Amino acid sequence: MTWSSAAIFYDQLRSLVAMGMALPQALGLAGNTSHGRHRALAPAWAAGCSSGRPLAELLAADGEPALAVALVRAGEASGRLPELCRELAGYYEHALAMRRLVIGRLVYPAFLVHVALVAAAIPGIAFSGASPSSLLAGPAVLWAVLALAWCVFHLVGPQVRARVMLSPGLIGLVGPLVAANTCLVVRAGLAAGMLIPASLELAAPACGNRIYTDRLQAAAGAVNDGRLANLTAALEAAGLPTLVVQMVGTAEIAGKLEEALGRCATFQQESFRTRVEWTARVLSGTIYALAMGAAAYTVIELYGSYLGQVKALAESGEV
């Protein structure tokens, strides 16, 4: 699935359903305006809805992300499908913006490192008779290491990846996104008339991290059994950020829970965006420093090799 096709599909579905179009027809037209898997699967979803099956069930069967399934399920139950489709479209547009930001920050520094590693082999070729193929040795090692790290990350189990993302160096980055997803889905569940345990169960697989999924499911069970008093206690037990817990606690007392959850989701999304931006800045600065270090090494090696040859010629009496 591509984020761009999802953003287009759910935005078009929102517009068509809001205009009063029947869901099966809206799905067909939304698929026509999208591309990729959403364009390919939309006719089957339309046919399934025509036969009486819930859209959320069809999305889950075809492997749509848990967040999309949860919001659509809540939208179908509450009659607020257009509003929640707008939330989904916004989520994918936000993800696209984050990807553009990271790529924009890192592509040029990565290119500089590649060029610097190529240049670092020039002194050996010019003064030591090394093979010209050594120009590719440095970049080959760099990209091989990165490719290996990428493969290992994707080959390990989802539980291991979830634990890695909750390590001290990464929890500050991914925590706001997990909190934003949780608040978004819990709010949708409450608006659909679900009780707090059911809303937490709905949010658990959609939060974006397997460890938090287990925590939210445990918290839902504890609220259902009476071991936790309310949503505030459940979110605190699940390990969500303190600010979210405090805002939800105040909202439960004031009777404005849905409004507060919406604000929490927006704030946490912005916090995630800011942290991704600063992480990209730090990484790009680090890559620039590595590139400059490689360039300095190349210059020093060239200069040292040149002086060494001049000295050798002088000692041999040829200069």
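Considered as a group, the residues in the stretch 232-244 that are farther than 19 Å from Ala191 by Cβ and open to solvent by 20 Å² or more (accessible area, probe 1.4 Å) include one that is farthest from the chain's Cα centre (by Cα), and that residue is Ala233.
Quick one: would you say Arg263 is among the charged types (D, E, K, R), open to solvent by 10 Å² or more (accessible area, probe 1.4 Å), in contact with a Leu (Cβ under 6 Å, 6 or more places away or on another chain) and part of a helix (DSSP H, G or I)? Judged against the criteria, Arg263 is not a match.
If you check Leu216 against the conditions, is it open to solvent by less than 10 Å² (accessible area, probe 1.4 Å) and under 22 Å from Ala68 (Cβ atoms)? In short, yes. Residues that are open to solvent by 80 Å² or more (accessible area, probe 1.4 Å) and under 14 Å from Ala180 (Cβ atoms): does the stretch 249-260 have at least one? No: zero hits. Within the stretch 247-277, the set of residues being more than 20 Å from Gly208 (Cβ to Cβ) and of a type in the set (Ser, Thr, Tyr) comprises Thr250 only.
Could you name every one of the helices (runs of 4 or more DSSP H) located completely within the stretch 137-218 that has at least 2 residues being under 30 Å from Phe111 (Cβ atoms) and either at pLDDT below 90 or among the basic types (Lys, Arg) (or both)?
Numbers: elements: 137-155, 158-165, 171-191, 196-203.
Fully inside the stretch 137-218 and qualifying: 137-155, 158-165, 171-191.
Only a single item in (1) within 21 Å of the chain's Cα centre (by Cα); (2) open to solvent by 40 Å² or more (accessible area, probe 1.4 Å); (3) in contact (Cβ under 8 Å) with a residue 60 or more places away in the chain; (4) more than 28 Å from Gly285 (Cα to Cα) is not met by Leu88, and it is number (2).
Of the residues Ala314, Ala294, only one is open to solvent by less than 70 Å² (accessible area, probe 1.4 Å), more than 15 Å from Gly175 (Cα to Cα), in contact with a Leu (Cβ under 8 Å, 6 or more places away or on another chain) and at pLDDT below 80; which?
Working: Ala314 fails: in contact with a Leu (Cβ under 8 Å, 6 or more places away or on another chain).
Testing whether each residue is open to solvent by less than 70 Å² (accessible area, probe 1.4 Å), more than 15 Å from Gly175 (Cα to Cα), in contact with a Leu (Cβ under 8 Å, 6 or more places away or on another chain) and at pLDDT below 80 leaves just Ala294.
The values are calculated or read from the model by the stated rules, or taken from the named source; none is laboratory data. This is a predicted model, so every value here is computed, not measured. Cβ coordinates were reconstructed from backbone atoms using ideal geometry, including for glycine residues, and neighbour counts include every protein chain displayed. For accessibility, only protein heavy atoms count, side chains too; no ligands or nucleic acids. Shrake-Rupley method; radii C 1.70, N 1.55, O 1.52, S 1.80 Å.
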